[in-house]
Amino acid sequence: MSTSAPLPPGPEVVSVAFVRLLRRAGLAVPVQAATTYVEALAMVDVGERSSVYWAGRATLVRRTVDRPIYDAAFASFWDRTVMATEAAAPPEAAVLAIDDEPDHDHGGSRDPDEAAMTVRFSRLEELRHRDFAACTPQELRELHRAVRGLRLDPPRRRSRRLRSTRSPGRRPDLRRTLRSAARTGGDPVDRRWLAPRQRHRRLVLLVDVSASMEPYTRSLARFAHAAVTARRSVEAFAVGTRLTRLTRALSGHDPDVALAAAAAEVSDWAGGTRLGDGLRAFNDRWGARGLARGAVVIVLSDGWDRGDPDVLAEQMARLARVAHRVIWVNPLQATAGYEPLARGMAAALPHVDNLVAGHSLAALEDLARLVIDADDQPRAREAP
């Protein structure tokens with residue numbers, strides 16, 4: 001078997017398409033064998049016909065009578081794939097998926113222990129690092145669907161309330177220990193202890209909805225929606241020329257309906273910015289009274305502020321004294337050579353624990369991991 005033109009790059013593309021062809025030809029290929037085939041292709045040159053042939057022959061063919069079916073399917077697959085590769089550009093990244101639906105091509109007669117492997121083409125991996133401001137409307141829709149699936153789980157803190165546990169601790173649970181001893185003739189075989197409960201820290205998001213943030217506002221608002229719908233201990237606010245609470249508006253299951261409701265609540269959407277006044281309103285009405293106390297507070301803003309920077313610095317200091325951690329998400333942080341020299345950003349920076357970028361899906365994924373591990377991350381400012 002001589003070497004021919006290369007197959008499309010990526011063992012996943014080759015394996016999934018070829019396994020599907022083999023199943024349509026009548027060859028039984030279990031999921032485990034297909035997975036092994038992917039691993040085998042990763043170890044050979046997928047552009048070499050002989051290597052691809054024997055990788056499949058060794059992993060997909062279990063009976064001698066299946067060899068002619070495999071040979072015919074492979075010849076058809078190789079020639080067809082080569083012609084498609086020469087005529088068109090290489091396909092986009094393929095995503096492996098398990099399809100548990102009946103195979104209609106065979107009338108639903110298929111081994112129930114097997115599942116067909118299909119190919120779904122997606123540009124998500126390519127778009128993960130693309131700046132939201134540089135995306136087309138179609139690309140933004142793809143990214144927004146991915147943002148909806150982000151897992152944003154606030155860190156846990158020790159509660160004052162206690163729970164009973166069998167793990168040895170400092171304080172015994174005498175009541176439950178004696179109650180269990182009554183069932184064993186007075187012997188305290190099952191000893192109980194008291195330990196603090198674990199509760200999620202409150203998560204507070206302050207989203208800048210000013211005109212300078214317009215290329216990122218809707219993407220960051222969808223991030224806030226994903227957070228609000230994931231946990232009850234999450235609060236969201238819009239900050240422009242005034243402060244608007246968005247928690248109730250963003251609590252709907254449908255993100256499009258929720259964002260429309262949030263936009264209707266905000267009267268100064270894409271207007272000016274007075275971060276200092278907005279933070280003062282938050283601290284006076286919500287933060288200092290307990291909403292921000294011990295919470296992880298995320299400010300999503302580019303730091304451009306038309307107000308007095310001294311007011312912003314004062315309010316950020318108030319917020320930092322009660323919050324467990326303050327994270328500032330600035331989409332401009334990803335710009336090459338960026339320095340936080342804007343008046344608002346420079347005034348807020350001394351009171352911020354983490355300054356991160358939120359310009360892309362990958363950056364939001366990093367932010368979600370930072371929130372989850374907030375208690376394990378080093379702090380940039382001194383603890384109050």
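The values are calculated or read from the model by the stated rules, or taken from the named source; none is laboratory data. This is a predicted model, so every value here is computed, not measured. Methodologically, a virtual Cβ is constructed for each residue, glycine included, from the backbone with ideal geometry; neighbour enumeration extends over all protein chains shown.
Observations on the structure shown:
- Among the residues examined, Leu279 qualifies as in a helix (DSSP H, G or I) and either over 25 Å from Leu361 (Cβ atoms) or assigned by TED's automatic domain parsing to the domain that holds Ser164 (or both).
- Total residues in segment 353-384, condition at pLDDT 90 or above, assigned to a loop (DSSP other than H, G, I, E, B) and over 16 Å from Val207 (Cβ atoms): 2
- One residue from Asp256, Asp284 being under 29 Å from the mean Cα position of the chain (by Cα), assigned to a helix (DSSP H, G or I) and either of a type in the set (D, E, K, R) or not assigned by TED's automatic domain parsing to the domain that holds Leu367 (or both): Asp256
- Residue within segment 292-301 that is more than 22 Å from Arg325 (Cα to Cα) and assigned by TED's automatic domain parsing to the domain that holds Pro340 present: no
- The condition (being surrounded by 13 or more Cβ atoms within 10 Å (Cβ to Cβ) and modelled with pLDDT of 85 or more) is satisfied by just one residue among Ala116, Ala211: Ala211.
- Qualifying residue in segment 157-179 (condition: under 25 Å from Arg369 (Cβ atoms), touching a residue at least 60 places away in the same chain (Cβ under 8 Å), charged (D, E, K, R) and surrounded by 14 or more Cβ atoms within 10 Å (Cβ to Cβ)): yes
- Single condition Phe223 does not satisfy, out of (1) in the same structural domain as Val299 (by TED's automatic domain parsing); (2) more than 20 Å from the chain's Cα centre (by Cα): (2)
- Subset tally (residues that are within 30 Å of Leu300 (Cβ to Cβ), at pLDDT 80 or above and touching a helix residue (DSSP H, G or I) at 6+ places or on another chain (Cβ under 6 Å)) for segment 149-202: 1
- Output for segment 142-156, where each listed residue is farther than 13 Å from Gln198 by Cβ and touching a residue at least 12 places away in the same chain (Cβ under 8 Å): Glu142, Leu143, His144, Ala146, Val147, Arg148, Gly149, Leu150, Arg151, Leu152
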